Structures are given as C-alpha cells and as structure tokens.
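Trainee: Dropping the structure in here first, questions after.
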Amino acid sequence: MKQLYLSLKKAGLMFKGHTEQGEVDFILLETYENGTTTSVDINTFETLFGDIEGNPTYEALSGSHTFKLEDTQYTMTAEEMGYQKYFDHWKEQGLFN
C-alpha cells in the first residue's frame with residue numbers, strides 16, 4: 001500500500017486529521033461544490049482493502065474483498081462498498097503503477 005499512498009500524497013489526496021485515536025492519515029475521496037468533502041482514514045481503508053496490501057493495483061482494489069468488522073466477516077466488491085468510483089478516478093489520474 002505504501003506506493004499507492006505515495007501516489008495519493010503526491011496528487012494531494014492525503015492529509016492528516018484528528019480522531020479519538022489521535023492524529024491519523026486520511027485519503028481525500030471527493031470534494032463537493034459546496035466545499036464539503038468525503039474522506040476515509042487509513043485504518044478503515046486498510047481494514048476494508050488490507051487483503052490486497054502487497055498488490056494494490058486497480059484490478060485488485062476493484063475486485064472482491066473479505067474483511068471483518070467487529071465480530072462479523074463480510075465479502076464485498078469495491079462497487080458494493082461505494083469505492084469503485086474513486087478507484088476509477090485514481091486510474092484516470094494515473095495513480096496506479
């Protein structure tokens with residue numbers, strides 16, 4: 001994931017924010033016309049997509065992912081989780097190797 005994070009940072013899509021856990025890195029997903037944003041913290045992103053950590057390609061991220069939240073295991077695609085449109089945009093920007 002490090003290379004993906006470096007690409008996102010270079011594109012201005014990474015920032016630091018504060019949560020209950022202290023300072024955390026975030027990925028900026030979308031900015032709306034009114035200035036509000038949608039973002040995801042790195043910990044959540046890695047929970048959802050950690051199964052492809054060694055190979056965070058567009059194809060791998062766009063596929064099916066198995067992850068655990070609390071005591072429940074889920075298997076969902078990026079589209080089902082609502083992330084596919086962001087991955088498509090990153091691909092258009094050339095952020096994947």
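The values are calculated or read from the model by the stated rules, or taken from the named source; none is laboratory data. Predicted model, so just to flag it, every value in this text is computed and none were measured. Because the Cβ atoms are built from the backbone with ideal geometry, glycine has one as well, and the counts that use them run over all protein chains shown.
Trainee: List every residue pair whose Cβ atoms lie under 8 Å apart, where the two residues are 6 or more positions apart in sequence or sit on different chains, the first residue falls within the range 57-80 and is farther than 15 Å from Phe96 by Cα, and the second residue, located anywhere, is among the acidic types (Asp, Glu).
Mentor: The qualifying pairs are His65/Asp51; Thr66/Asp51; Phe67/Asp51.
Trainee: Kindly establish whether Gly35 is of a type in the set (Gly, Ala, Ser) and more than 12 Å from the chain's Cα centre (by Cα).
Mentor: When the stated conditions are applied, Gly35 passes them.
Trainee: Any idea which of (1) more than 23 Å from Gly94 (Cα to Cα); (2) in contact with a Lys or Arg (Cβ under 6 Å, 6 or more places away or on another chain) is the one Val24 doesn't satisfy?
Mentor: (2)
Trainee: In the range 14-31, how many residues are part of a loop (DSSP other than H, G, I, E, B) and either of a type in the set (D, E, K, R) or at pLDDT 95 or above (or both)?
Mentor: So the count comes out to 1.
Trainee: Could I ask something else about it? Would you confirm, using the coordinates I've provided, whether Lys68 is in a strand (DSSP E or B) and either crowded, with 16+ Cβ neighbours inside 10 Å or basic (Lys, Arg) (or both)?
Mentor: Yes: the conditions hold for Lys68.
Trainee: Here is a further query. Hey, among the residues in the range 5-41 that are more than 19 Å from Gly82 (Cα to Cα) and in contact (Cβ under 8 Å) with a residue 40 or more places away in the chain, which one's surrounded by the most Cβ atoms within 10 Å (Cβ to Cβ)?
Mentor: Checking each candidate, the answer is Ser7.
Trainee: Taking the range 76-93 as the search range and keeping residues that are aromatic (Phe, Trp, Tyr) and over 11 Å from Phe49 (Cβ atoms), which one is surrounded by the fewest Cβ atoms within 10 Å (Cβ to Cβ)?
Mentor: The selected residue is Tyr86.
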